[in-house]
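The values are calculated or read from the model by the stated rules, or taken from the named source; none is laboratory data. What you see is a predicted model, and the numbers here were worked out from it, not measured in a lab. All Cβ positions, glycine included, derive from the backbone under ideal geometry; neighbour counts span all protein chains shown.
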Ligand SMILES: *Cc1c(COP(=O)(O)O)cnc(C)c1O
């Protein structure tokens, strides 16, 4: 029997381990040179001016929404087909997530539906690049410009993706882009995240928010008098300790150097899957539009209508066969917490339908050839079983 094949997994090699150990032997475990080095490398890779590291993607989203000025009653338009944190971070600041339905093929926010959802309270639009496939950024940027809104990309799936010859994270069509370095993402720091931006003003707000709302910049003080010496600092905002450590950033630097190789390896598996699953009667496999290069965070298949009713059985059988499938995502507005806040269950029917059909198959750079072959052979077998039995 095969060993369990997870849907996603980190890729750690001896260079990564060496980088972490070297930092453990150095003078700085946190707030040292590796943080700056990682941020600079990330900004360079993406082609943005600034990168600010955070302790998680969730903390980075919180920081980005804070920097954008999200506060009491401000509306944040996003997709319900996302990880909870995209919406929760608006609630952290007293904002209100507004869910806009998705495109059934990519699973991304449907840009056509954004403008009708804009109100006088809308402040931010947050497209999520579902499964690593960039959303329609040019169109979203146009809507934002026309309505005076801020675009923040939840790019947690999409480090290494391309959109119309731009790199996700260069913020060509947004003010900020947010990444996560959780082990299942493109690269990992254990936990970790970052916000990229080209704006000095946003950069400064992100840095302050990450360290308790405290500023040490002489020019920024509002209360300093002549008796205040070099120790002086001011807390001007309510911030958090959301720092990423040097230990983690050392891992991040080492991982970032392998990012392009990781994406290439993911793509090879996707190509193999596409060959094996073409013309199958069971499910649609993921699309990649002509003007993008996905980061292939997930391999999200969508069951054809005839199999929607037996998804639970198929999912359980795949798991029993050691194929670590997952489902992305239960739409956020259907969660009990959001139901209590009064979100209607009937919102976003396409996201609900996507959820009811979606299964994520294993996809990560170091998947062995045996595991890939096993998945390609077993998945149709399992569908066949339940197709006939129905
Ligand atoms: C992973 C993820 C996050 C949160 O990142 P963490 O690092 O786990 O806090 C946010 N949004 C999306 C779309 C994600 O996939």
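Things to note:
- Condition check for residue 191: more than 11 Å from the chain's Cα centre (by Cα) and part of a helix (DSSP H, G or I): no
- Total residues in segment 186-231, condition more than 16 Å from the ligand (Cβ to nearest atom) and out of contact with any strand residue (DSSP E or B) (no Cβ under 9 Å at 6 or more places or on another chain): 12
- Total residues in segment 69-118, condition out of contact with any strand residue (DSSP E or B) (no Cβ under 8 Å at 6 or more places or on another chain) and at positive phi: 1
- Test for residue 9: is it in a helix (DSSP H, G or I), within 28 Å of residue 131 (Cα to Cα) and within 16 Å of the ligand (Cβ to nearest atom): no
- Segment 75-96, subset surrounded by 23 or more Cβ atoms within 10 Å (Cβ to Cβ) and more than 12 Å from the ligand (Cβ to nearest atom), residue farthest from residue 284 (Cα to Cα): 95
- Within segment 140-185, tally of residues that are within 19 Å of residue 293 (Cβ to Cβ), within 11 Å of the ligand (Cβ to nearest atom) and touching a helix residue (DSSP H, G or I) at 6+ places or on another chain (Cβ under 6 Å): 4
- Residue that is within 16 Å of the ligand (Cβ to nearest atom) and assigned to a strand (DSSP E or B), where the choices are 295, 351, 300: 300
- Checklist (1) in the same structural domain as residue 383 (by TED's automatic domain parsing); (2) buried (at least 21 other Cβ atoms within 10 Å of the Cβ) applied to residue 271, failing item: (2)
Condition check ((1) in a helix (DSSP H, G or I); (2) at pLDDT below 95; (3) within 21 Å of residue 353 (Cα to Cα)) across all residues:
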residue	(1), (2), (3)
107	no, no, yes
139	yes, no, no
169	no, no, no
178	no, no, no
184	no, no, no
196	no, no, no
202	yes, no, no
